[in-house]
Amino acid sequence: MMINNRGIALVQVLLITAILTIFALYFTKSAKNQVEMAQWSTDRARAEVELHSAQNELIFTLFTNQKKVINNSDSGTSLTEKWNFFNMPFEVNKFVKAQIQDQSALLSLHFLDKNVFVKFLTANNIEFSRAEQIADHLLDWQDIDNIPRPLGAEQLGDAPFRNGFIPDQTDIENAIALSEEEKQLIYNNTTTYFNGSFNPITASKELLATFSDEFSAQLFIDERRQGNNLTSLDFKRLTGAKETENMNFLPVNTLAIRLTAKVGDVVLTRNLVISLSRYAVGKTSPIYFLLEKS
């Protein structure tokens, strides 16, 4: 009988020990989760601060320096030594990277040059008839008449076309159904924020191939990545393309900026499109935020 009681007592001790172990593991896991959550909150707050600081530093540097690579030894800053205006990431500080895209290096959707747009699409492996169809649909979507172009349309299904400017790139999909490849190609190389002369110096490889060929475009890209301030002469020398009256060779004051902050496991991004006016006076604002999205 004594042996049986001892066995029962042993089982009870083991059971209680197991229950206490489970509680201990639970509390340990809960405490660990709370520490991780607290660390995540701290990292997120730090990332927000770093993102805001980097944005202000970058905008101030844009106001006080020419939009080109300037070494510290030539009255530049740590930012002007590293930055570029063709969307290649560079470090603002150890937590934040930035990308700046000169909007004059993109094709304007509002004043679409059909010949250039079709050539751009066909240079990037889209059939000529399909390129013509996309161009005609985008032009019909924005013009003020109700007369469709040869491969265009003035309505999609039962819905009439906008007959007004595209307010945002996503509006393109209301004009014509696009494949994922077509969508990314057009989105990455067009803009609704600038309507002036085209700057090939800060253009993408896909757009450079429009004016030359893929091999020459890659030569230009490789030279540009060296951090050199390329000119119109470099453009003509490396691509063999001709300069036209619709080209300029300096970044404009309308810029798309993407900031990415990483602190610990927290990653935050902020997308801006800004228009700068360095010599604004009176009630004119020196900076307009055309887009601000985090």
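The values are calculated or read from the model by the stated rules, or taken from the named source; none is laboratory data. Computed from a predicted structure; not experimentally measured. No Cβ is skipped: glycine too gets one built from the backbone with ideal geometry, and neighbour counts run over all protein chains shown. The area values use the complete protein model at the heavy-atom level, side chains included, leaving out ligands, DNA and RNA. Shrake-Rupley method; radii C 1.70, N 1.55, O 1.52, S 1.80 Å.
Quick check on Arg258: is it within 30 Å of Glu57 (Cα to Cα), open to solvent by 70 Å² or more (accessible area, probe 1.4 Å) and touching a residue at least 12 places away in the same chain (Cβ under 8 Å)? Yes: the conditions hold for Arg258.
In this structure, does Ser277 turn out to be hydroxyl-bearing (Ser, Thr, Tyr) and surrounded by fewer than 17 Cβ atoms within 10 Å (Cβ to Cβ)? Reasoning before the result, please.
Working: hydroxyl-bearing (Ser, Thr, Tyr): yes; surrounded by fewer than 17 Cβ atoms within 10 Å (Cβ to Cβ): yes.
Judged against the criteria, Ser277 is a match.
Within segment 254-294, the set of residues being touching a Ser or Thr at 6+ places or on another chain (Cβ under 6 Å) and part of a loop (DSSP other than H, G, I, E, B) comprises just one member, Pro286. In this structure, Ile172 does not qualify as in contact (Cβ under 8 Å) with a residue 24 or more places away in the chain, open to solvent by less than 20 Å² (accessible area, probe 1.4 Å), assigned to a helix (DSSP H, G or I) and farther than 22 Å from Asn271 by Cα. Would you point out the residue of segment 210-243, among those that are under 22 Å from Asn71 (Cβ atoms) and assigned to a loop (DSSP other than H, G, I, E, B), that is farthest from the chain's Cα centre (by Cα)? In this case the residue turns out to be Thr231.
When Thr244, Thr210 are checked against the criterion of being free of Cβ contacts under 8 Å to residues at least 12 places away in the same chain and of a type in the set (Ser, Thr, Tyr), Thr244 stands alone in meeting it. Just one of the listed residues (Gln66, Gln101, Gln55, Gln133) is out of contact with any Ser or Thr (no Cβ under 7 Å at 6 or more places or on another chain), within 20 Å of Phe211 (Cα to Cα) and either open to solvent by less than 10 Å² (accessible area, probe 1.4 Å) or of a type outside the set (D, E, K, R) (or both), namely Gln101.
What do you reckon, is Phe220 among the aromatic types (Phe, Trp, Tyr) and free of Cβ contacts under 8 Å to residues at least 12 places away in the same chain? The answer is no for Phe220. Determine, yes or no, whether Leu106 is open to solvent by less than 10 Å² (accessible area, probe 1.4 Å) and under 19 Å from Asn271 (Cβ atoms). Here the answer is no, as Leu106 does not meet what is asked. Within segment 184-201, the set of residues being farther than 16 Å from Gln142 by Cβ, open to solvent by less than 40 Å² (accessible area, probe 1.4 Å) and out of contact with any Ser or Thr (no Cβ under 9 Å at 6 or more places or on another chain) comprises Leu185 only. One residue alone among Phe111, Phe117 is free of Cβ contacts under 8 Å to residues at least 40 places away in the same chain and either under 19 Å from Thr202 (Cα atoms) or not polar (S, T, N, Q) (or both), and that residue is Phe117.
I need the full set of residues from segment 74-93 which are among the aromatic types (Phe, Trp, Tyr) and part of a strand (DSSP E or B), in order please. First the steps, then the outcome.
So in segment 74-93, the residues among the aromatic types (Phe, Trp, Tyr) come out as 83, 85-86, 90.
Matches in segment 74-93: Phe86, Phe90.
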